[in-house]
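See below for the structure under consideration.
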Amino acid sequence: MRRPRHPVLLTAILTGTLVLTAPVVPAAAGTHTPPPTIVVTDGMTQPVFSFADAIEERVFVQTPLDTDHDGRLDRVAIDISRPAETATRGFKVPVIFEHSPYRKDTWGDVPYPSVLVDELPQNGLTGRNGARAAGGEIGLAAAKANLPGSLDDYYVPRGYAVVLGQSIGTGDSDGCPTSGDRAETLGTKAVIDWLNGRARGFDASGAPVTAGWTTGAVGMTGVSYNGTLPNMVATTGVKGLKTIIPVSAISSWYDYYRANGLVVAPGTYQGEDADILAQYTAGQTRAEGTCADEIAEITREQDRVTGDYTRFWQERDYLDGARDVKASVFVVHGLNDWNVKTENFAGWWDQLARYDVPRKIWLHQGGHGGPGNGATVPLPDGKSWTYKQTENRWFDFWLWGVRNGIMDEPTAVVQRENRAYTTYANWPDPGAREVDLRFAATNATQPGTLTTGKPPKGKVEQGFVDEGRTIAPTQLVAQPDTASPNRLVYTSPALAQDVRLSGRPEMRLRMAIDNKPDANLTTYLVDYGPAGSTAAPVVVTRGWTDPQNRKDADRTEKVKQGKFYDYRWTLEPKDYIFAAGHRIGVVVFSSDQEYTLLPLGGTRLRVAPNDSELRIPVVGGRSALGF
């Protein structure tokens, strides 16, 4: 993999501490003031510069865009904090840059669509789809951005400048928000161009401002939407962007708001969509005023009727752009993040590997957000690091050129179910092998089983009725040894040893819809205790699909009522250990109260279990399952 050029000069090695001189403006003749330096101990910069004396300034960077169509190029606001030495002694520093649409003036109670519908909209009936409800907290906004102070007070004393930007169309920036498209990408890229002398910047009075205090080396980071923006800008290959650390970040907005043709909400934020997010980030005054037409276009183009992958979503999909990424990437994500679901990190990670982008991955057991800074990661060399120390060392390596060996450490860090961290050569685990867990049932009503052998002979059909509008998923996954008219469940024998899943499960289901043109289709992979156990089941991962998109997410095709079709779709990627003595379970139902649109109940579905299976990636393959 590619390595960085090292702009710093090693001048001393004293008891594990390195003193590194940075590029400086030559001192005037006759002066002998030593140049400012960063100090590195154990491969990590130390806080030696005064944050209290830091220079703070506001700059408005001109973009090549006019998103509000007022005839003037939009400018984005950025706030800069940098060591005082960058002004008084010509000390040039790299930049840590976080851009955000959440800095100020968001619309906290923006109304959003109701998910209670008489019929699914793709069935051709309007029902109550599109009715507006009182607002709730926006899914991406729920993850707190790096607020002022959480980056600058840490990194400025270590010899960095910190830039906190406001996305185009938000806060003090000009324009209209565009929810992840090329315009927002270029509006963010303009800041890096300004830091490298390729774009114009101005102070509040309109006077030109340049960034002569920086080396031009930039690292981007952020959580949630703030972490998505680094992914977006990296796909431009912009010169000067050396590395990014996207935390709980999106790589495809389709995978955030849709799933295989279905309208699927970010976890716990039912009804949110791209237009709602644009209104939230714009703020009420702008959303209902100068940006009303632009947001109305988002509403039209996002298509909450078919749920298909259209040009709108293609413009907000960064996966193909990985081919142009020149920056290194440190991916950080929660394995239990149901807001920015795990396909967003896994799809991005796969593409980065495809194009040999220098990379590292850190997966933790939390939900939406960063991993915290408690537990340490033990490394083969006997050292151990917290997440914040690892982040620090990553920036030091890629921005200051500190030779701290971080790229020689294991590529993947995964927090296990007991909250202890371990390391792996890669992710998914290279030892994972696909194993078919075949459904097996001997009658139409009783819960079935999972087997790696041949399913029973004979034709068996099992049916259920959609009542997801009134029955929560927690009820549907409960009591796996008891039949239910509203879901089907299949369980494995008790496991003889721990079994680790690493990667994407794939559902292969033969199914018919008896009395409707379409239905939601949901599968949960569940960790059940031993038979008779009173322990609460653990939902390991989930997946959804639209039967009308059985061939592709970008194509809707009618379903003939009563006809069996073969459906395939992936569940959200996961790394999980099923404990010895537990059972692997698969639950199949229709509408998901927590994620999908919720039509009136009564849709009848039938499954051919002996022609269905869940394919899961198991470390060690079939032999590790023991059945």
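When the residues of the range 351-365 are narrowed to those that are basic (K, R) and open to solvent by 30 Å² or more (accessible area, probe 1.4 Å), which ends up farthest from the chain's Cα centre (by Cα)? Please lay out each step first, then the result.
Residues of the range 351-365 basic (K, R): 354, 359-360.
Filter once more, keeping what is open to solvent by 30 Å² or more (accessible area, probe 1.4 Å): 354, 359.
Values: R354: 19, R359: 16 Å.
Selected residue: R354.
Does R622 count as touching a residue at least 24 places away in the same chain (Cβ under 8 Å), in contact with a Phe, Trp or Tyr (Cβ under 9 Å, 6 or more places away or on another chain) and surrounded by fewer than 17 Cβ atoms within 10 Å (Cβ to Cβ)?
Numbers: touching a residue at least 24 places away in the same chain (Cβ under 8 Å): yes; in contact with a Phe, Trp or Tyr (Cβ under 9 Å, 6 or more places away or on another chain): no; surrounded by fewer than 17 Cβ atoms within 10 Å (Cβ to Cβ): yes.
Here the answer is no, as R622 does not meet what is asked.
Pull up the range 68-99, narrow it to residues that are of a type in the set (D, E) and out of contact with any helix residue (DSSP H, G or I) (no Cβ under 6 Å at 6 or more places or on another chain), then point me to the one that is surrounded by the fewest Cβ atoms within 10 Å (Cβ to Cβ). Give the steps one after another, and end with the answer.
Step one: of the range 68-99, the residues of a type in the set (D, E) are 68, 70, 74, 79, 85, 98.
Subset that is out of contact with any helix residue (DSSP H, G or I) (no Cβ under 6 Å at 6 or more places or on another chain): 68, 70, 74, 79, 85.
Values: D68: 19, D70: 12, D74: 24, D79: 17, E85: 23.
By that ranking, first place goes to D70.
Within the range 36-67, how many residues turn out to be assigned to a strand (DSSP E or B), over 23 Å from Q389 (Cα atoms), open to solvent by 20 Å² or more (accessible area, probe 1.4 Å) and of a type outside the set (F, W, Y)? Show your work before the answer.
Applying the first criterion (assigned to a strand (DSSP E or B)) to the range 36-67 yields 37-41, 44-45, 55-62.
Still in the running and over 23 Å from Q389 (Cα atoms): 55-62.
From what is left, the residues that are open to solvent by 20 Å² or more (accessible area, probe 1.4 Å) are 55-58, 60, 62.
In the following step, the residues that additionally are of a type outside the set (F, W, Y) were identified as 55-58, 62.
Qualifying residue count for the region: 5.
Quick check: anything in the range 372-394 modelled with pLDDT under 95 and in contact with a His (Cβ under 8 Å, 6 or more places away or on another chain)?
Yes - at least one qualifying residue is present in the range 372-394.
Please go through the range 555-574 and give me each residue that is in contact with a strand residue (DSSP E or B) (Cβ under 7 Å, 6 or more places away or on another chain), surrounded by fewer than 20 Cβ atoms within 10 Å (Cβ to Cβ) and among the basic types (K, R), ordered by number.
Result: K563, R568.
In the range 210-239, how many are aromatic (F, W, Y) and open to solvent by 10 Å² or more (accessible area, probe 1.4 Å)? Spell out how you get there, then give the answer.
If we filter the range 210-239 for residues that are aromatic (F, W, Y), which is where we start, we get 213, 225.
With open to solvent by 10 Å² or more (accessible area, probe 1.4 Å) added as a condition, the list becomes 213.
Qualifying residue count for the region: 1.
Are any residues in the range 231-268 under 14 Å from the mean Cα position of the chain (by Cα) and without any contact (Cβ under 8 Å) to a residue 60 or more places away in the chain, and if so, which ones?
Y257 - this is the single residue of the range 231-268 that is under 14 Å from the mean Cα position of the chain (by Cα) and without any contact (Cβ under 8 Å) to a residue 60 or more places away in the chain.
So T285 fits all but one of (1) part of a loop (DSSP other than H, G, I, E, B); (2) of a type in the set (S, T, Y); (3) farther than 30 Å from R359 by Cα; what number is the exception?
Checking T285 against (1) part of a loop (DSSP other than H, G, I, E, B); (2) of a type in the set (S, T, Y); (3) farther than 30 Å from R359 by Cα, the one that fails is (1).
Any residue that is more than 30 Å from G216 (Cα to Cα), modelled with pLDDT of 95 or more, open to solvent by 10 Å² or more (accessible area, probe 1.4 Å) and not basic (K, R) - is there at least one of those in the range 316-325? Outline the logic, then answer.
Residues of the range 316-325 more than 30 Å from G216 (Cα to Cα): none.
No.
Among the residues of the range 377-422, which ones are part of a helix (DSSP H, G or I) and among the hydroxyl-bearing types (S, T, Y)? Outline the logic, then answer.
Within the range 377-422, the subset part of a helix (DSSP H, G or I) is 387-400, 406-408.
Residues satisfying the conditions are Y387, T390.
What residue, of D324, D320, is more than 19 Å from the chain's Cα centre (by Cα), among the acidic types (D, E) and under 26 Å from I192 (Cα atoms)?
Details: D320 fails: more than 19 Å from the chain's Cα centre (by Cα).
That would be D324, the only listed residue that is more than 19 Å from the chain's Cα centre (by Cα), among the acidic types (D, E) and under 26 Å from I192 (Cα atoms).
Quick one: would you say G347 is closer than 24 Å to S502 by Cα, part of a loop (DSSP other than H, G, I, E, B) and in contact with a helix residue (DSSP H, G or I) (Cβ under 9 Å, 6 or more places away or on another chain)? Walk me through how you get there before you give the answer.
Values: closer than 24 Å to S502 by Cα: yes; part of a loop (DSSP other than H, G, I, E, B): no; in contact with a helix residue (DSSP H, G or I) (Cβ under 9 Å, 6 or more places away or on another chain): yes.
Spelling it out, it is not the case that G347 is closer than 24 Å to S502 by Cα, part of a loop (DSSP other than H, G, I, E, B) and in contact with a helix residue (DSSP H, G or I) (Cβ under 9 Å, 6 or more places away or on another chain).
Give the residue, chosen from S179, S205, S224, S167, that is more than 25 Å from W400 (Cβ to Cβ), of a type outside the set (A, V, I, L, M, F, W, C), over 20 Å from the mean Cα position of the chain (by Cα) and at pLDDT 95 or above.
Numbers: S179 fails: over 20 Å from the mean Cα position of the chain (by Cα); S224 fails: over 20 Å from the mean Cα position of the chain (by Cα); S167 fails: over 20 Å from the mean Cα position of the chain (by Cα).
It is S205.
On the given criteria, is R510 open to solvent by 50 Å² or more (accessible area, probe 1.4 Å), modelled with pLDDT of 95 or more, within 30 Å of the chain's Cα centre (by Cα) and within 28 Å of K558 (Cα to Cα)?
Taking the combined requirement at face value, the residue does not satisfy it.
Take A494 and tell me if it is at pLDDT 95 or above, over 20 Å from G267 (Cα atoms) and not in a strand (DSSP E or B).
On the way: at pLDDT 95 or above: yes; over 20 Å from G267 (Cα atoms): yes; not in a strand (DSSP E or B): yes.
Taking the combined requirement at face value, the residue satisfies it.
I'd like to know if the range 541-553 contains one or more residues that are buried (at least 23 other Cβ atoms within 10 Å of the Cβ), touching a residue at least 40 places away in the same chain (Cβ under 8 Å), in contact with a His (Cβ under 9 Å, 6 or more places away or on another chain) and not β-branched (V, I, T).
Checked the range 541-553: no residue is buried (at least 23 other Cβ atoms within 10 Å of the Cβ), touching a residue at least 40 places away in the same chain (Cβ under 8 Å), in contact with a His (Cβ under 9 Å, 6 or more places away or on another chain) and not β-branched (V, I, T).
Looking at the range 418-456 only, could you name the residues that are open to solvent by 60 Å² or more (accessible area, probe 1.4 Å) and in contact (Cβ under 8 Å) with a residue 24 or more places away in the chain?
R419, R433, E434, R438, T445, Q446, T449 - these are the residues of the range 418-456 that are open to solvent by 60 Å² or more (accessible area, probe 1.4 Å) and in contact (Cβ under 8 Å) with a residue 24 or more places away in the chain.
Can you name the residue in the range 221-266 that is aliphatic (A, V, I, L, M) and part of a loop (DSSP other than H, G, I, E, B) and is also nearest to W338 (Cα to Cα) among such residues?
Pass one, the range 221-266, residues aliphatic (A, V, I, L, M): 223, 229, 232-234, 238, 241, 244-245, 247, 249-250, 259, 262-265.
Still in the list and also part of a loop (DSSP other than H, G, I, E, B): 238, 249-250, 265.
On the way: V238: 31, A249: 12, I250: 12, A265: 9 Å.
Top of the filtered list is A265.
Exactly one of (1) open to solvent by 40 Å² or more (accessible area, probe 1.4 Å); (2) modelled with pLDDT of 90 or more; (3) over 28 Å from the mean Cα position of the chain (by Cα) is unmet by D105. Its number?
Here D105 meets the rest and fails (3).
I'm trying to understand the selection: among the residues of the range 244-280, which are β-branched (V, I, T) and crowded, with 24+ Cβ neighbours inside 10 Å? Walk me through it before giving the result.
Taking the range 244-280 as the starting set, the residues that turn out to be β-branched (V, I, T) are 244-245, 247, 250, 263-264, 268, 276.
Residues satisfying the conditions are I244, I245, V247, I250, V263, V264, I276.
Could you tell me whether the range 469-481 includes any residue that is over 32 Å from the mean Cα position of the chain (by Cα) and either under 18 Å from G621 (Cα atoms) or open to solvent by 60 Å² or more (accessible area, probe 1.4 Å) (or both)? Before the answer, list the steps.
Within the range 469-481, the first condition is being over 32 Å from the mean Cα position of the chain (by Cα), and the residues that meet it are 479, 481.
Filter once more, keeping what is either under 18 Å from G621 (Cα atoms) or open to solvent by 60 Å² or more (accessible area, probe 1.4 Å) (or both): 479, 481.
Taking every residue of the range 469-481 in turn, at least one turns out to be over 32 Å from the mean Cα position of the chain (by Cα) and either under 18 Å from G621 (Cα atoms) or open to solvent by 60 Å² or more (accessible area, probe 1.4 Å) (or both).
Quick check on Y355: is it aromatic (F, W, Y) and out of contact with any Ser or Thr (no Cβ under 9 Å at 6 or more places or on another chain)?
Working: aromatic (F, W, Y): yes; out of contact with any Ser or Thr (no Cβ under 9 Å at 6 or more places or on another chain): yes.
Considered against the rule, which asks whether it is aromatic (F, W, Y) and out of contact with any Ser or Thr (no Cβ under 9 Å at 6 or more places or on another chain), Y355 comes out as yes.
The values are calculated or read from the model by the stated rules, or taken from the named source; none is laboratory data. Keep in mind it's a predicted model, so treat the numbers as computed, not measured. With ideal geometry, Cβ positions are generated from the backbone for all residues, glycine too; neighbour counts draw on all protein chains shown. The protein model used for the area step is the full one, side chains on, heavy atoms only, and it has no ligands, DNA or RNA in it. Shrake-Rupley method; radii C 1.70, N 1.55, O 1.52, S 1.80 Å.
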